[in-house]
Amino acid sequence: MHDMHFKPLDEEDRKKNQYLERVNHAPYFMISMIIMAVLILFTTAVLLGVF
């Protein structure tokens with residue numbers, strides 16, 4: 001393996017990291033809303049199917 005050389009972050013790298021921290025995340029709220037909607041639709045279909 002070759003040696004890795006690290007350099008201190010400059011201002012441009014810091015701005016890129018801040019942007020990626022802000023943008024690059026999983027949409028947990030949307031995922032939970034979709035799961036809840038599917039469960040409500042399934043429950044409604046089952047209840048309507050019983051009667």
Per principal axis, descending, Cα span of the chain in whole Å
70, 30, 7
Find the accessible area per residue for the stretch 11-50; the probe is 1.4 Å, ligands and nucleic acids are left out, and the unit is Å².
98
Nearest 10 degrees, 0 to 90: helix 11-23 Cα axis against the chain principal axis:
10
Under a Cβ-only charge scheme (Lys and Arg +1, Asp and Glu -1), can you give me the dipole magnitude of the chain about the Cα centre, in debye to the nearest 20?
220
Report in % the part of the accessible area of the chain that belongs to carbon and sulfur, leaving out ligands and nucleic acids; probe 1.4 Å.
70
With everything on Cα atoms, drop me the angle between helix 28-50 and the longest principal axis of the chain, reported from 0 to 90° to the nearest 10.
10
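The values are calculated or read from the model by the stated rules, or taken from the named source; none is laboratory data. Note that the coordinates shown come from a computational prediction; the quantities given were computed from them, not determined experimentally. Note: ideal-geometry Cβ built from the backbone for every residue, glycine included; neighbour counts use all protein chains shown. The protein model used for the area step is the full one, side chains on, heavy atoms only, and it has no ligands, DNA or RNA in it. Shrake-Rupley method; radii C 1.70, N 1.55, O 1.52, S 1.80 Å.
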